[in-house]
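This report refers to the structure that appears directly beneath it.
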């Protein structure tokens, strides 16, 4: 394994930490900028939409350029976006900063995965991609809770300053350690979008989008759920994110093992059904004895993390099976579907807490997971590329 890949993973860690810590910062950001929690959720929407749309477009424009320069520049822009966020004195400035961050993040992650493949032997390519994805997983497990802990001492601006420091270190390391001269083919956007016409791709992407919609309808507003519904102290928010992150790390590893042993499609069927089951139990937690609510909610977050993060490895396996000849491209579209789900989830969750109650987020999120379960359980199995050619 090329140890230089871990410097690429550091950039993915910074991006993942910023992306997942924002949910715990929404109450303080809303209070400081004078917007509602639901309006604060649009910070998640803006990031997710910019990432989902910007990643394939920017990757098409820069795919033939020196990847070291693209990686360094995109991470530097992401770092500057965090600096702007730390200096922001209005909601609008913060919104612009998150859009800048998202565009840079989408380009970075897509290029980092392609670079990891280029720097690795053919039989180590999957492992190389897993190192980059591992940076995000570690960010969920430990980066986001640490970011929330920083916010507890230095406010939400301190979190953005801390992430900007990690981003700057990553920028320097990438420019120093990644070899120059790595370039990829120039793939027009039309070529990338042509993947949608392959049999089975659209149902698989929908199976990524819908569970993420349901999950982020809840996760985006986990702070008001934890403090407003469950009655937890705001000081426990880092522990809430840590519980989810530990579960996510377990689920990411276990999900790959289960998918390899029992098949990716069976794994996704089980994951989506279990995700619906765990989300629908959320409202019941508030009826536990008061002395058990905190422990019960933390246990819920661990279980949710395990189940929710067992889905991405299996989905990645299904996508690669359908398009093994353009695996990095297919994975980038899967990432776009993921972030579109994050965007849609933030909107759905915002509407729920505006017109109903945060406690209703659980069963609303479960409906989207059930829709994904129905698609993957009832869809006709799609042929792989090799099977399609033989047919």
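The values are calculated or read from the model by the stated rules, or taken from the named source; none is laboratory data. All of these numbers come straight from a predicted model, not from anything done at the bench. Cβ placement follows ideal geometry from the backbone for every residue including glycine, while neighbour counts extend to all protein chains displayed.
Here are some notes:
- Single residue of 176, 227, 208 found to be in the same structural domain as residue 13 (by TED's automatic domain parsing) and touching a helix residue (DSSP H, G or I) at 6+ places or on another chain (Cβ under 9 Å): 176
- Here the stretch 61-72 is the region considered, the condition is being in a helix (DSSP H, G or I) and surrounded by 19 or more Cβ atoms within 10 Å (Cβ to Cβ), and the residue that is modelled with the lowest pLDDT is 62.
- Test for residue 367: is it in a helix (DSSP H, G or I), in the same structural domain as residue 267 (by TED's automatic domain parsing), more than 17 Å from the chain's Cα centre (by Cα) and modelled with pLDDT of 90 or more: yes
- Answer from 295, 277 - the residue that is out of contact with any helix residue (DSSP H, G or I) (no Cβ under 9 Å at 6 or more places or on another chain), in the same structural domain as residue 368 (by TED's automatic domain parsing), at pLDDT 95 or above and farther than 30 Å from residue 193 by Cα: 295
Rundown of residues vs (1) without any contact (Cβ under 8 Å) to a residue 24 or more places away in the chain; (2) under 26 Å from residue 229 (Cα atoms); (3) crowded, with 20+ Cβ neighbours inside 10 Å, yes/no style:
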site	(1), (2), (3)
336	no, no, yes
339	no, no, yes
344	no, yes, yes
348	no, yes, yes
358	no, yes, yes
361	no, yes, yes
371	no, no, no
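- Criterion: modelled with pLDDT of 85 or more and surrounded by fewer than 19 Cβ atoms within 10 Å (Cβ to Cβ) - qualifying residue of 161, 156: 161
- Helices (runs of 4 or more DSSP H) wholly inside the stretch 140-238 that include at least 2 residues being in contact (Cβ under 8 Å) with a residue 12 or more places away in the chain and farther than 24 Å from residue 79 by Cα: 189-193, 201-219
- The set of residues in the stretch 206-217 that are over 14 Å from the mean Cα position of the chain (by Cα) and surrounded by 24 or more Cβ atoms within 10 Å (Cβ to Cβ) contains only 207.
- Test: residue in the stretch 303-318 that is assigned to a helix (DSSP H, G or I), free of Cβ contacts under 8 Å to residues at least 12 places away in the same chain and in the same structural domain as residue 265 (by TED's automatic domain parsing): no
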